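First comes the structure, then the notes that go with it.
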Amino acid sequence: MNSKDKINGIMPGNRVDLFVEFIKEASTNLPPDVRKIIEKQKSREEEGSRAQQALGIILENIEMACTRETPICQDTGTVIFHIHYPGKESTLVLRRELTDAVQKATEKGYLRPNSMDSITGENPGDNTGIGLPVFFFDETDHDELEIKIMLKGGGCENVGAQYALPHTALNAGRDVNGVKKVILDAIVQAQGKGCAPGVLGIGIGGDRVTGALLAKEQIFRDLNDKSPDLLLAQMEEELLEKGNKLGIGPMGFGGLTTLIGVKIAKMHRIPASFFVSISYMCWATRRKSLKIHDNKFEIS
Amino acid sequence: MKEIIHLNPPNIDEKTIRSLKNGDMVSITGTIVTGRDVAHKYLKDTFVLNHPSQQEKDVLDQLEKHLSGGILYHCGPVVAKDENGKYRFTAAGPTTSIREEPYEYDVIKLLGIRGVIGKGGMGAKTLKACEEFGAVYLHAIGGAATFIAAKVVEVHGLLKKEFGTPEAFWIIDVKDFQCIVTMDSHGESLHESILQNSRKAQEELNATFK
Ligand code: SF4
């Protein structure tokens, strides 16, 4: 295990400093599960192939970013926080402190100044703006505060998709096979845009908003876990295997590794709608968790 | 292991380019120039569609010096300045090339470019330019920002600074910058063939969902 896979400590006087450190970790130190799967896939690709070379460069880049504490990818994307907080925490304060940390992390070069006015194009230069950074809050019934962060790159966000079943062109009906067909289609459509290999987060059901949110939440899952739902777990495995048979490969150069993970969840829907929402995350799957409890913290 | 072909811009001759095929690995050592959305639009608007002023012609002269027989890189770098006021690239991954599709044919023709580096590949018109004028599209590793920045050994200067850091033309020396040829000068695109193959595989796999 890399010594930096986990960071533990006593809470510093100023929480914002810890939040800046947390953002730095997300931007510069790729999670160990992602790194390991890329390593494993590199050894499976044909010796000397362009796919293997591409994965080799990706791994070298990950290593260099970690040692130099520079962003893994220059597109540090949309900064998204999912926060599970105990009742005693104020969401207002958390919002303020985390926004402050985002500004500081941008100043230090851990984040690229990405936020811009949608109409005028004006960039405030500190990654804040209307709706940015992104926050989701969930109150929990225990004492631990957990903040999850995701840096979602633009190239891969652009190839996310939402299909409404039935889908005539794909001959995809309102059943498990229909769901699988549209997911496969999304992988084909994404080639050459989001940097492959990628992770698919999939939300089955819900409405256009909740389905998309469920899809994106799946990207927080460890690449080695399985859905607790047996059917969904089987779908995850099957689509990972079949998606990798499409031959798109790293960077779309061809090869065995198009995907490094497929994570599926479902929610209830109403009879008239059947959405399959797909969020695509590139190989630079930048996500971290910060847990705070009893004046101690852990970043993993 | 496939042999690596060395390219030394801006002195790349047509014969070398014509000998390259899709899937070839190249290693670039020499002087190249960055340019993305604003740069492409500027080149077409100023020099292809209009009559440029003397001042603009001077810019073109400068660009030609580095790009005729040279390589254009689709990249919006993150650039730092050290204590001595010298520029240094800190992040320099490729940007998505297809956005430059409306301009690239004219840009390749205008400057006599032999290679374009980017990610994701480009369309039919650029492929036609590669065939007509003897150029190739070179694919860098998307997202490998730190790795590629380390290949930039020297920043010579910049043109059109007013475009802003990501959009200006940066003239840089690179050493051993590895890329893969994905669109050659014989009308073939690796992206197109992989897309077609993946569509075929998709159909076959769809039939297994029973
Ligand atoms: S898709 Fe991911 S790796 Fe590629 S440029 Fe965007 S953020 Fe970086």
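The values are calculated or read from the model by the stated rules, or taken from the named source; none is laboratory data. All of these numbers come straight from a predicted model, not from anything done at the bench. We place every Cβ from the backbone using ideal geometry, glycine too, and count neighbours over all the protein chains shown. Accessible surface areas use protein heavy atoms only, side chains included; no ligands, DNA or RNA. Shrake-Rupley method; radii C 1.70, N 1.55, O 1.52, S 1.80 Å.
May I ask you to verify whether A:Ala101 is in contact with a helix residue (DSSP H, G or I) (Cβ under 9 Å, 6 or more places away or on another chain), within 16 Å of the ligand (Cβ to nearest atom), away from chain B (no Cβ under 14 Å) and not acidic (Asp, Glu)? Break it down into steps so the answer makes sense when it comes.
Working: in contact with a helix residue (DSSP H, G or I) (Cβ under 9 Å, 6 or more places away or on another chain): yes; within 16 Å of the ligand (Cβ to nearest atom): no; away from chain B (no Cβ under 14 Å): yes; not acidic (Asp, Glu): yes.
When the stated conditions are applied, A:Ala101 does not pass them.
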Output the residue which, of all residues in segment A:245-282 that are under 11 Å from A:Pro197 (Cβ atoms), assigned to a loop (DSSP other than H, G, I, E, B) and more than 10 Å from every other protein chain (Cβ to nearest Cβ), is most open to solvent (accessible area, probe 1.4 Å). A:Leu256
Just name the residue that is farthest from the ligand (Cβ to nearest atom) out of those in segment B:113-142 that are more than 30 Å from A:Gly77 (Cβ to Cβ) and open to solvent by less than 20 Å² (accessible area, probe 1.4 Å). B:Gly134
What pairs can you find where one residue is in segment A:155-178 and under 28 Å from A:Met251 (Cα atoms) and more than 10 Å from chain B (Cβ to nearest Cβ), the other is within 16 Å of the ligand (Cβ to nearest atom) and part of a loop (DSSP other than H, G, I, E, B), and their Cβ atoms are less than 6 Å apart, with a gap of 6+ or different chains? A:Val159/A:Lys193; A:Val159/A:Gly194
Tell me which residues, restricted to segment A:116-166, are within 16 Å of the ligand (Cβ to nearest atom), in contact with a Gly (Cβ under 8 Å, 6 or more places away or on another chain) and not hydrophobic (A, V, I, L, M, F, W, C). A:Lys152, A:Gly153, A:Gly154, A:Gly155, A:Glu157, A:Asn158
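Anything in segment B:143-198 that is of a type in the set (Gly, Ala, Ser) and either in contact with a Leu (Cβ under 7 Å, 6 or more places away or on another chain) or away from the ligand (no atom under 16 Å from the Cβ) (or both)? List them, or say none. First the steps, then the outcome.
First, pick out the residues of segment B:143-198 that are of a type in the set (Gly, Ala, Ser): B:143-145, B:149-150, B:157, B:164, B:168, B:185, B:187, B:189, B:193, B:198.
Listed by number, the residues that qualify are B:Ala150, B:Gly157, B:Gly164, B:Ala168, B:Ser185, B:Gly187, B:Ser189, B:Ser193, B:Ser198.
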Mind telling me which of the residues A:Ala196, A:Ala169 ends up being outside any strand (DSSP E or B) and either open to solvent by 20 Å² or more (accessible area, probe 1.4 Å) or more than 15 Å from the ligand (Cβ to nearest atom) (or both)? A:Ala169
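Taking B:Ser97, is it out of contact with any Cys (no Cβ under 6 Å at 6 or more places or on another chain), within 12 Å of chain A (Cβ to nearest Cβ) and surrounded by fewer than 18 Cβ atoms within 10 Å (Cβ to Cβ)? Let's see the steps before the verdict.
Details: out of contact with any Cys (no Cβ under 6 Å at 6 or more places or on another chain): yes; within 12 Å of chain A (Cβ to nearest Cβ): yes; surrounded by fewer than 18 Cβ atoms within 10 Å (Cβ to Cβ): no.
So B:Ser97 fails the test.
Kindly evaluate A:Lys88 against the criterion of being within 18 Å of A:Pro250 (Cα to Cα) and either in a helix (DSSP H, G or I) or over 16 Å from the mean Cα position of the chain (by Cα) (or both). Before you say what the answer is, go through the steps one by one.
On the way: within 18 Å of A:Pro250 (Cα to Cα): no; either in a helix (DSSP H, G or I) or over 16 Å from the mean Cα position of the chain (by Cα) (or both): yes.
So A:Lys88 does not fit the description; no.
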Going by the conditions given, is A:Gly205 surrounded by fewer than 22 Cβ atoms within 10 Å (Cβ to Cβ) and either modelled with pLDDT of 95 or more or more than 16 Å from the ligand (Cβ to nearest atom) (or both)? yes
Any idea which of (1) within 14 Å of chain B (Cβ to nearest Cβ); (2) among the polar types (S, T, N, Q); (3) surrounded by fewer than 17 Cβ atoms within 10 Å (Cβ to Cβ) is the one A:Thr140 doesn't satisfy? (1)
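Scan segment A:56-81 residue by residue and report those that are assigned to a strand (DSSP E or B) and open to solvent by 20 Å² or more (accessible area, probe 1.4 Å).
Narrowing segment A:56-81 to residues assigned to a strand (DSSP E or B): A:78-81.
Hit for segment A:56-81 is A:Thr78, nothing else.
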